[in-house]
Amino acid sequence: MSTEATTPKPVELVNVQIDGVWYQFPKGTKVIEACSQAGKFIPRYCYHPRLSTPGNCRMCMVELGMPKMGPDRKPELGPDGKPIHNWIPRPQISCAQEVSEGLGVRTDSKMVQDARKGVLEFLLINHPLDCPICDQAGECRLQEFSYDFGPAKTRFLEHKVKKPKRIQIGPRITLDDERCILCSRCVRFMREVAKDDVIGIVNRGSYSTITCHPNKTLDSNYSLNTVDICPVGALTSTDFRFKMRVWFLKETKSFCTSCATGCNTVIGARENLMYRQTPRENNDVNESWMCDYGRLNFHYLNSPDRLLAPVAKGVNEPDWTAALTATASALKSLPPSEVALIASGKMTNEELFLAAGLTQALGIMLHDIVPHTDAGDDILLSTDRNPNTAGAKLLGLCDANAGSKLPAIADGIRGGTIKGLVILGEDATALGLAESELRKLEVLVTTAMLPNLTTASAGYVLPGSGFAEKRGSMVNKSGRLQRLNRAIQAPGLARDDWEILTGLTEAITGTSLGLATIEDVFKAMSAATPALTGLSLSKIGDLGVQLPIA
Amino acid sequence: MPAPRIPHPREKRIVFANIDREGYTPDIACYLRNGGYEDLKKAVKMAPAEIVAEVKTSSLRGRGGAGFPCGVKWGFIRPGETKPIYLICNADESEPGTFKDRYIIHQDPHQLMEGMIISAFALNVHLAYLYIRGEFPQGAQILEQAIAEAKEKGFLGKNILGTGFDLEIYVHRGAGAYICGEETGLIESLEGKRAYPRIKPPYFPAVLGLYQCPTIVNNVETLCHVKHIVRMGGAEYAKIGKPNNTGTRIVGVSGDVVKPGYFEIEVGSMTLGELINDLCGGLKPGRTLKAIIPGGSSAKVFRAGEKFKIKSKAADGSMVETEIGVLDIPLDFDTMAACGSMAGSGGVIVMDDTRDMVEALNNLNHFYAHESCGQCTPCREGSLWMQKITDRLLAGGGVESDPGLLESVSNNIAGKTICAFGEACSWPTMSFVAKFPEEFAARAKKQVPPPTPPEFLSETLIGAGH
Ligand SMILES: Cc1cc2nc3c(=O)[nH]c(=O)nc-3n(C[C@H](O)[C@H](O)[C@H](O)COP(=O)(O)O)c2cc1C
Ligand code: SF4
Ligand code: SF4
Ligand code: SF4
């Protein structure tokens, strides 16, 4: 984005009549969008605001009228002082047409209704109508528009065109060509957004078939977005296919925590199981997309190996109070200089804030987070695979160079100068420490969801919650504060991490932090953090807020 | 090479002057012996705008199908255009019933070269493409040879005739589909993509054409006429034919006539009847006329005996209405349109009383269902549906509602598609069903059975007998 101070050009507004009512729209607005803004939704299949406009489905046809010009080349005005229209005698697509001064639009005339009926009939004649076993049922535009605008009876007495079914077109996608309505959204997405032009259409006419180019597969890290934008059940997610009817899914707005981009999502869950997450539009973050890696990185939440109860040396019952008390006294038994804390860039701000409080309560000087990096791309995926590195910096868990203190911590453990380690949501072997070296620690406390080499060596294991199981906020790589919402409950006795940290700190200090809810934590955090002044979890809203940080 | 054919005395040969001439060969030496490239020499001494003006004055209309005024099309190029401007010669000739461009290409390629070079000069084009139908491999070779010869002689390439004007022409072999002849499909194909026609707006070729640059697409015959317009002058050319229907054009007659073939005639100088009876030797003995498709397979069919009311200007300037029959329709653009069909690509298909109109329509439906590019819903699905209905009618499975259904399906296509293929594929059905209702009704007598799984219905219907 340009930082130059440009004086914004005044947007020129044009007058447009839609179904008899006059509106004003900025020049350049597509008629289909203008109609939506006027509350007249125009059905569409191929049109997608973020892709090029081929105008191929013919579903968005409307009647257009040009202002009638008098002999003086000025529009002739009707009794209401507004232009009269010359209506084009054939329906026109509204997706490619921009509004112009005096334009008239009819979205529901007989001509428009007939055109829609005609198109829907054409789309249905060769469609397999296997809705009862189709994954898209419940969110299928063909079902929806047929119901709203389509013909009630079939006039088709012929054989349908047969096409390939159940094609594994890529590692994560199953294609049913008979259901495809050839809107070309998937082709355009792969070409224009994913920049991996691997799918196309072969054959002609009604035999046209979506397929992958020879010797290629649809294996882009963005392939599953084609499933989202496919208006029908032609492209389905192999992961989600046949797992759950979509109308049973409870939807929760969230964001992906698999990298520092923080793509906005909707989580679909039922009966405390997460089934899928799909991208949610946010123009400041991910437009309408997300990557496959992030999208599918949630199955661990449903893992049978989840840690279900706290474990602490000397405590034989699965009891949180006892476990936290034991953990606190173990930590207090060591001088602060011999204890280090490693937090995680996957923790929420609230958790990081409380972790910082814990370091203060114990007087720990040595603390950091574990950087996780991997190959990124120019589209969305960040090389920083921690979703909240920015939050960790903001809240002082690490310095500008995250991870710079980890070698000192590892050396301290090896050399015996560090005898206690609190490691939150990370595996200490990632520091290059062997299991045997970890076992040298007198006190090893960890929060975790799943067993790992650290939990195996730790005397104090406190089971926490995953991103879909808790509330809280994070700051993405651009400094945008975003909010997680709870979609499912953590399993067993596993707790929300902010509660664990609060409980542990209170057990150490013996005084209450006065934090009853996550809102209280946010309030305390914002009071202590200038960049968060005046904010609250509810003020973050569904689309997040930009923080005044670089 | 076919045996030399003597032009019919009623022909007026300008573009086809050298076609089938004894001893005429496609090489540049022969062309130069016959006064070739003299018009180019004249043209490069004119100002480009002058040539455009002459073409406007000539009232030349496109010979590719739509009959769009060539000068008006050229006028869409903005003066002072800064993007490159491209010229494309449409040599895809694939409309059934059309056979004219191929003879120019095979027998007189330098005429086309000269027409293209003059047009390119007039339009400030430095790169032109000749998009030739893939099924004309020999034609492509001949054109490539012609390009090489013209370059060698300095009519093409750098600094043409010492004027400083540069032009390259490339031959591009078509992708083997009818839709490659539709100008925006052609442009996509030329760009190396599937020939999916583009939506207009915004992709009017003269504004956003090849590589998103202004592009003029003209038919082979149209570009040849430009050469003769430069020679004669626009005003002189406009004296041939009738106002707004000027010049000559090549008509190809096929079907049930004694002597099918191609003829170059002065536009409007004769009627359909004269064409069939005088130039083509009439119908075969003992046969009577049933139908004529006057302008390539997409044109709406005429039924023998049909009457049309035509308005024309009388000598005193008042409008008079006269009634004419099919054979009285003059071969021009405007009357043909006033009679509800089109002069199109000049392909006249004649059908006599031995023809079954359901079969004939089915034949066309097969062509269009096969050639629909499949991009937009109504044409993609409708063209095959119409084919399947006529398949079933022919196989004995017609139901009473079929003619009405055919009409309705064709109406749901026309005017609702990306490109004019929608009209091209639906007009035959529309006109055949409307004009020969008894033939369709005779094959559509069964009752619609109660709903069954559609998968089995067509067989059930066909199997049930009459
Ligand atoms: C389906 C379809 C096929 C066409 N095929 C051809 C063709 O083969 N040759 C041609 O010259 N024009 C063809 N046209 C017309 C072209 O789109 C275009 O109008 C023409 O080349 C313009 O040239 P003109 O103005 O010189 O006639 C076709 C049009 C359609 C809709
Ligand atoms: S697979 Fe889906 S998105 Fe792709 S063209 Fe078919 S219907 Fe459209
Ligand atoms: S780009 Fe990052 S935030 Fe977006 S979906 Fe992928 S991993 Fe998640
Ligand atoms: S009308 Fe037919 S040929 Fe033209 S773009 Fe649509 S599907 Fe293709």
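Please treat every number below as a calculation from the coordinates, not as lab data. All values derive from a computational prediction rather than experimental measurement. A quick note on method: Cβ atoms are made from the backbone with ideal geometry, for glycine too, and the neighbour counts reach across all protein chains shown.
First check a/c for segment A:233-291, with a ≥ b ≥ c the square roots of the eigenvalues of its C-alpha gyration tensor; if it is under 1.5, answer rounded, and if not, answer prolate when a/b is larger than b/c or oblate otherwise.
Verdict is prolate for segment A:233-291.
Mind running the shape call on segment B:249-352? Use the C-alpha gyration tensor, a ≥ b ≥ c as the square roots of the eigenvalues: rounded below 1.5 for a/c, prolate if a/b tops b/c, oblate otherwise.
Note, shape of segment B:249-352 comes out prolate.
Determine the shielding of peptide B:402-411 by partner chains: average, over its residues, the number of Cβ atoms on other chains within 10 angstrom of each Cβ.
Mean shielding count: 2.
Okay, helix-only estimate at 222 nm for chain A: each DSSP H run of n ≥ 4 adds -39500 (n - 2.57), divide by all residues, round to 500 deg cm²/dmol; what do you get?
Theoretical 222 nm ellipticity from helices: -6500 deg cm²/dmol.
In straight Cα distance, which aspartates and glutamates are under 13 Å from A:K539, not counting same-chain residues fewer than 8 positions off?
A:E519
For B:A337 and B:H106, what does the FRET efficiency come to when R0 = 30 Å and r is the distance between their Cβ atoms, rounded to the nearest 0.05?
With a Förster radius of 30 Å, E is 0.45.
Within a 10 angstrom radius of the beta carbon, how do B:I105, A:I418 rank from fewest other beta carbons to most?
A:I418, B:I105
Would you kindly calculate the translational diffusion coefficient of segment A:311-546, applying Stokes-Einstein with the Kirkwood radius from alpha carbon pairs, for 10 °C and a viscosity of 1.306 mPa s, and quote it in µm² s⁻¹ without decimals?
It comes out at roughly 88 µm²/s.
Would you list which aspartates and glutamates come within 14 Å of A:K68, measuring only between C-alpha atoms, while excluding same-chain residues fewer than 8 positions from it?
A:E76, A:E101
Counting only other residues whose beta carbon sits under 13 Å from that of B:E321, what net charge do I get with K and R as +1, D and E as -1?
+3
Let me make sure I get this right: for chain B, a, b and c are the square roots of the gyration tensor eigenvalues over alpha carbons, sorted descending. Under 1.5 in a/c it's rounded, otherwise prolate if a/b > b/c, else oblate. Which is it?
prolate
Could you grab the relative contact order for chain A? Cα pairs under 8 Å, six or more apart, rounded to a whole percent.
So the answer I get is 10 percent.
Would you mind computing the Rg to Rh ratio of chain A from its alpha-carbon coordinates, Kirkwood style for Rh?
In chain A, Rg relative to Rh is 1.07.
Enter the Cα centre distance for the pair segment A:412-464 and segment A:360-374, rounded to the nearest angstrom.
13
So what is the 222 nm mean residue ellipticity for chain B from helices alone, if each DSSP H run of at least 4 adds -39500 (n - 2.57) and you divide by all residues, rounding to the nearest 500 deg cm²/dmol?
-11000 deg cm²/dmol
Calculate the FRET efficiency for B:E236 and A:D378 from the Cβ-Cβ distance with a Förster distance of 56 Å, rounded to the nearest 0.05.
0.35
Cβ neighbours within 10 Å, averaged per peptide: list B:279-289, B:264-274 in order, most packed at the top.
Ranking, from highest mean packing down: B:264-274, B:279-289.
Neighbouring Cβ atoms within 10 Å as the yardstick, rank A:D239, A:D176, B:D356 fewest first.
Fewest-to-most ranking of A:D239, A:D176, B:D356: B:D356, A:D239, A:D176.
By average Cβ neighbour count within 10 Å, what is the ranking of A:347-353, A:245-251 from highest down?
Answer by packing, highest mean first, reads A:347-353, A:245-251.
So what's the gap between the Cα centers of segment B:334-388 and segment A:229-286, to the nearest angstrom?
Between the Cα centre of segment B:334-388 and that of segment A:229-286, the gap is 47 Å.
Could you let me know the centre-to-centre spacing of segment B:212-259 and segment A:201-222, using Cα atoms, in angstrom?
Value for the Cα centre distance between the two parts: 42 Å.
Sort largest first and round to whole Å: the equivalent ellipsoid semi-axes of the protein assembly as shown, each the square root of five times a Cα gyration tensor eigenvalue.
Semi-axes (√(5λ), whole Å): 72, 33, 26.
Could you tell me the relative contact order of chain B? Use alpha-carbon pairs under 8 Å, at least six residues apart, and round to a whole percent.
15
I'd like the antiparallel share, as a percent to the nearest 5, of DSSP beta bridges with both residues in chain A.
70
Order of A:217-225, A:86-94 by packing, highest average Cβ count within 10 Å first?
Per-residue Cβ counts within 10 Å, averaged per peptide and sorted highest first, yield A:217-225, A:86-94.
Suppose we take every Cα in segment B:91-165 and form the convex hull; what volume per residue is that in Å³?
So the per-residue Cα hull volume is 88 Å³.
Restricting to the protein assembly as shown, what percent of DSSP beta bridges are antiparallel, rounded to 5?
Percent antiparallel among DSSP bridges in the protein assembly as shown is about 65.
Give A:K117/A:K153; B:K12/B:K100; A:K30/A:K195; A:K27/A:K195; A:K253/A:K523; A:K250/A:K470 a once-over and call out the pairs whose C-alpha atoms are over 19 Å from each other.
Over 19 Å apart, Cα to Cα: A:K30/A:K195; A:K27/A:K195; A:K253/A:K523.
What average count of beta carbons from other chains do you get within 10 Å of the Cβ of residues in A:119-131?
Counting Cβ atoms of other protein chains within 10 Å of each residue's Cβ and averaging gives 4.
So the label point goes 7 Å from the Cα of A:H213 along Cα→C-beta, right? Which residues of segment B:194-230 then have their backbone N under 14 Å from it?
Output list for this probe position: B:194.
In peptide B:200-207, how many Cβ atoms from other protein chains are near each Cβ within 10 Å, on average?
2
Computed FRET efficiency, Cβ-Cβ of A:A309 and B:V72, R0 60 Å: what is it to the nearest 0.05?
Computed FRET efficiency for A:A309 and B:V72: 0.10.
How far, in nm, would the chain grow between A:E281 and A:D197 when pulled straight, counting 0.36 nm per residue and subtracting the alpha carbon separation?
So the chain would gain 27.9 nm between A:E281 and A:D197.
With 5 Å bins from zero, work out the P(r) of segment B:120-229 over every alpha carbon pair and list the percent per bin.
2, 11, 19, 23, 21, 15, 7, 2, 0
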